[in-house]
Structures are given as structure tokens and as C-alpha cells.
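Read the structure below first, then the notes.
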Amino acid sequence: MEKKIQNCQTCDGDCENCYPEDFQKVLSKKQSFLILLVIAIIGTVIGYLQSKQEPKTAMTKEETKLVSESTAESLHQQFFIMGTIFDCTFFDKDVAKRENARNAVLAELKRIETLCNIFDNKSEIYQLNSQAHVKPFKCSNELWEILQKSRWAYEISDGNFDISAKVLMDLWGFYRKQDKVPSDKEIADALKFVGLEKVVFDDQAKTVFFSEKGFAFDLGGIAKGIAVDKAMKSAEKFNLDGILINLGGNISCYGKTPPYDNYSVAIRNPLKKDDFAKVITLSNESVATSGNYERFVKIGDKTYSHIMNVKNGRPVENVLSVTVVTKSAGDADIFSTATFIGGEEYAKKLVSLYPDLRIYAFTLDKEKNVVYKEFNNETIKNKEVQK
């Protein structure tokens, strides 16, 4: 399915670069969306439409007190974790069950954050990046599980989803601002340290070894999705009527949101941040979006997406957003990034492999018009019938 929307428009100056020190500015802008909509991809998927609760205060990075609102049938919770806003709602009349589920979810997220934060010198991934070029780094069972998932993602994405791309993110200024576009030589030099096939994994010893200094992992493309899956699993043990979790755009739902049987999610029009292009229904599913318009760098007069094509070492161009719906938040996280990079042919490959998968993509054509396409098992069937 293809639909042209309108000519692409230039940024009106309302976007912000997503540097850690600037997050509070981004955070304050996003609070206004939480009246009716849960934000996805920091503004791409704009949330479930049934809940009508609005947080009374904005959560800043320094605050430790959680934002919490409770009604007779639900508990709405919001706090800052893993570098983004975590927003969740627990549906049940049993107050104790709701609060216990909330506490379990928070504990799970804090544990994953401690494991995967590449900026925290106490985290295990930081230690791995610092030491694995000296000798094989022994991983905990949980980090090894995440690395195994990352290796699987690398294989199924034809090498497009690659956690070793940190050196490219550094080069293009996503962790520290750059004043110029990297030269071809700088990109070529950086690419020497990109590619999971160059990393030595010992499956029996559960160790990782970098052949030389310069390699490093960035789990940003997978950690949040995995965290949502683990948080949801911990909350499901309390047998609530319904659960809705949104971690910086990685959304997962369980059960019902009384009186509705399903959850509705709106996919944003990439040219209008207050408008949406399509509403989709979720039932015990997850959704994730990879997009280019609120996390980017601007070098000179041009903006560059934070999603890297690891084959050529440059940010992906002419793709605005890709939204993926599937059962696992971790898989949705991986597949949205992989499709953003791999394009239409990869999207077709994915839905042929996973019949329950749904993909919604906004791209730019040669004339810079926005093109909207859907990929799912039905669209594949329809094309096969037409042949």
C-alpha cells in the first residue's frame, strides 16, 4: 500500500538535538502529549487513546520522586530512566496489585539500566568496552543473553543492525558535537572497527574479545526493547486486568484497558508533530518506531539521522520513520531499526518470515515527497494474487 502525502517541509526550528545534557529541553516539550497520547519514538507513535490522565508535573533528570496518579481502576506512573521518559498504566481495582506491579517494573528497569549504560563506568557494558581489547571479557549471564540477541539481530538484518556502530556515532557527533562532516578517510578508518563478524565471541566461556583497541558496543538500539519485555514479564505475574508500558517509544500492552478490549495507537504524520496518519489496534502486542526527526545532528545547514548505515558509515537518508508491530518489544525495536536501514526489500523479507509482523514506513521519493507504505502478510498475499 502506497500513499503520497505532501511535499517535504523544512524544520521550523522546533526540534532539539538529543545530547544527554540537553534532555531536559526535550523532556519538557513532550509532556504536553501525555494528555491523550503516549509518545512513541520520542514523538512518532503518539500513544494509546483510551487513557485520559494528564501528569500534573514534568519529571526532570534530577528528581527522585515518581510522578504517580491513581484512580479506582488504574495507576498511572511516570519517571525518568534509561535516558528517557518511562510512562506506564496498570489497570486493576486491586490497589496493592497495581503498586506491586509498579515496583517490580521499576526494579527491573533500574537493573537493565545498570547493565547497559555505556556512559556509566560502573555498568557492565562500560567495563566490557574498556577491557575487551586487553583480554577476553567474561560476561554475566544477562549481558550474554543481550549480546546473543544482538548477534541474532545482526544475522537476520543482513548485518544492518550492528551494536558495534558506536565508533560511527562518536564520529558523527551523537555523543559529542562535531563542527564538520567526517571525511571519507575518517569514515573508512572508523569502519575498520565496525562489524560483529570481527569480534571474537566464546560461546562456552561467555567472553567477548576485541582484536584491537577501537571497537565498542552501543546497546541503544536493543536495550530499551529488551527492558520493556522484561518489565512486562515482571508485571504480568500480578495478574492485572491490563498493563500499558511505554519506554521512550517502545510500547507494549497486556490484557485490557476497561471498558475496551484492545489498545489503540496512532502513528504520527512525520511532517506534523500534532497530527497522525493512521490508528492501529494492539492486543497483547508491542510497537516500536525508528525515526529521524527528533534525534539528529546538524552540521552546517544539513541535519543527519542518528541511524547509521553501517555498510557505508553514513547516516541513513530519505527515510523518515518506520513503525513495527509484533509480539516482542525487543524484536520490534530491532526490526524497526533494521528496516529503516534495509529499506523496502528488507521489509518484504521480514513479513514473509514473520506472518504476524506489521510494518508502517514513511520515506522520501526523488522529488522529496513523503511516501507512506504498509507491509504485512496481507499485502504480500495481495501482490502474489496479482501476478
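The values are calculated or read from the model by the stated rules, or taken from the named source; none is laboratory data. Just so it is clear, the model here is predicted, and its values are computed rather than measured. Cβ placement follows ideal geometry from the backbone for every residue including glycine, while neighbour counts extend to all protein chains displayed.
Here is how the numbers come out for the structure above:
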{"read-out": "Unique residue being surrounded by 21 or more Cβ atoms within 10 Å (Cβ to Cβ), out of contact with any Pro (no Cβ under 9 Å at 6 or more places or on another chain) and modelled with pLDDT of 95 or more when the list is Cys139, Cys116", "value": "Cys139"}
{"read-out": "Residue selected from segment 92-108 under the condition among the hydrophobic types (A, V, I, L, M, F, W, C) and surrounded by 23 or more Cβ atoms within 10 Å (Cβ to Cβ), by the criterion farthest from Ala223 (Cα to Cα)", "value": "Ala101"}
{"read-out": "Hits in segment 125-157 - residues which are charged (D, E, K, R) and either assigned by TED's automatic domain parsing to the domain that holds Ile81 or not in a helix (DSSP H, G or I) (or both)", "value": "Lys135, Lys138"}
{"read-out": "Filter result for Val181 (over 24 Å from the mean Cα position of the chain (by Cα), modelled with pLDDT under 95, surrounded by 12 or more Cβ atoms within 10 Å (Cβ to Cβ) and not small (Gly, Ala, Ser))", "value": "yes"}
{"read-out": "Check on Ala165, modelled with pLDDT of 95 or more, of a type in the set (A, V, I, L, M, F, W, C) and in a helix (DSSP H, G or I)", "value": "no"}
{"read-out": "Output for segment 183-228, where each listed residue is in contact with a Gly (Cβ under 9 Å, 6 or more places away or on another chain), in contact (Cβ under 8 Å) with a residue 60 or more places away in the chain and part of a loop (DSSP other than H, G, I, E, B)", "value": "Val194, Gly195, Gly220, Ile222"}
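Rundown of residues vs (1) closer than 23 Å to Gly343 by Cβ; (2) hydrophobic (A, V, I, L, M, F, W, C), yes/no style:
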{"residue": "Asp120", "(1), (2)": "no, no"}
{"residue": "Glu124", "(1), (2)": "no, no"}
{"residue": "Asn129", "(1), (2)": "no, no"}
{"residue": "Ala153", "(1), (2)": "yes, yes"}
{"residue": "Asn160", "(1), (2)": "yes, no"}
{"residue": "Asp179", "(1), (2)": "no, no"}
{"residue": "Asp189", "(1), (2)": "no, no"}
{"residue": "Leu196", "(1), (2)": "yes, yes"}
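Matching residues to (1) modelled with pLDDT of 85 or more; (2) surrounded by fewer than 24 Cβ atoms within 10 Å (Cβ to Cβ); (3) among the polar types (S, T, N, Q):
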| residue | (1), (2), (3) |
| --- | --- |
| Asn284 | yes, yes, yes |
| Gly291 | no, no, no |
| Ser336 | yes, no, yes |
| Phe375 | yes, no, no |
| Lys387 | no, yes, no |
